[in-house]
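*Asks:* One structure follows; several queries about it will come next.
The values are calculated or read from the model by the stated rules, or taken from the named source; none is laboratory data. These figures come from a predicted structure and were not determined experimentally. A quick note on method: Cβ atoms are made from the backbone with ideal geometry, for glycine too, and the neighbour counts reach across all protein chains shown. For the accessible areas, the whole protein counts, side chains as well, though only heavy atoms, and no ligand, DNA or RNA atoms are used. Shrake-Rupley method; radii C 1.70, N 1.55, O 1.52, S 1.80 Å.
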Amino acid sequence: MRDKFVNISDYIDNIILEIRYYSTYNFVGKRIDGYKYPVALLTKEAAESLKIVNEKLNKKGYCLKVYDAYRPSKSVDHFVRWAKDIDDIKMKDIFYPNVDKSKLFELGYIAKRSSHSRGSSVDVTLVDMKSGKELDMGSPFDYFSEMSHPSCKNISVEQYNNRKMLNYFMTSNGFNALDTEWWHYTLADEPYPDTYFDFDVE
């Protein structure tokens, strides 16, 4: 099934990658199992829709930055193991300062399955092409808090409008939003809605 996926850097012009789970700068603090190379893979169908989004944004002076796309099931398993180790809190101050780690499952921040493993979900933000800077979305990527909910009003007007702009371009071009993460979108008509893949990101 790997041939049903594309490397979006080869497929989409003017798109930026910052693959957090290949790095140690993520809520676990280690490279995540299954991330063998800092690339972003998506099903061809999802990549095609994302390409359209990015082309439209480029005309407005913006581009997408991708934090994560396809995520192997083994990577999700790594998250689960980490969440069960409640003594490992070295990244707490950055990613979940106000959440008790023992409640990550209960609060829905960690789950045993992820739509990312189906290959048509993507975590994105917006970058101003002229300055090269990310737009301020009011909370960082993977910040475990109600502040990350797209509907959160406890942020500035500018931050809220930036989220609304991202939402508009994504949802008007084939993606569904998630009500708990401003960065997360899944292709509405995803080709493998019941399949959770496990090949490595490389």
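*Asks:* With K101, K130, K153, K164 as the choices, which residue is out of contact with any strand residue (DSSP E or B) (no Cβ under 7 Å at 6 or more places or on another chain), over 17 Å from R20 (Cα atoms) and modelled with pLDDT under 95?
*Replies:* Working: K101 fails: modelled with pLDDT under 95; K130 fails: modelled with pLDDT under 95; K164 fails: modelled with pLDDT under 95.
The match here is K153.
*Asks:* For region 30-56, what are the residues that are open to solvent by less than 30 Å² (accessible area, probe 1.4 Å), farther than 22 Å from D142 by Cβ and not small (G, A, S)?
*Replies:* Residue satisfying the conditions is T43 alone.
*Asks:* Let me ask something else. Only one of these is of a type in the set (A, V, I, L, M), under 15 Å from the mean Cα position of the chain (by Cα) and open to solvent by less than 80 Å² (accessible area, probe 1.4 Å): L135, L126. Name it.
*Replies:* On the way: L135 fails: under 15 Å from the mean Cα position of the chain (by Cα).
Exactly one residue qualifies, and that residue is L126.
*Asks:* Being touching an Asp or Glu at 6+ places or on another chain (Cβ under 6 Å), open to solvent by less than 80 Å² (accessible area, probe 1.4 Å), at pLDDT 95 or above and among the small types (G, A, S) is true for just one of S73, S23. Which residue is that?
*Replies:* Working: S23 fails: touching an Asp or Glu at 6+ places or on another chain (Cβ under 6 Å).
One residue alone meets the criteria, S73.
*Asks:* Checking F144 against (1) hydrophobic (A, V, I, L, M, F, W, C); (2) open to solvent by 40 Å² or more (accessible area, probe 1.4 Å); (3) part of a loop (DSSP other than H, G, I, E, B); (4) closer than 22 Å to K65 by Cβ, only one condition comes out false. Which one?
*Replies:* In the conditions (1) hydrophobic (A, V, I, L, M, F, W, C); (2) open to solvent by 40 Å² or more (accessible area, probe 1.4 Å); (3) part of a loop (DSSP other than H, G, I, E, B); (4) closer than 22 Å to K65 by Cβ, F144 misses (2) alone.
*Asks:* Run V99 past the list (1) open to solvent by 20 Å² or more (accessible area, probe 1.4 Å); (2) more than 30 Å from K51 (Cβ to Cβ) and report the number of the one that doesn't hold.
*Replies:* (1)
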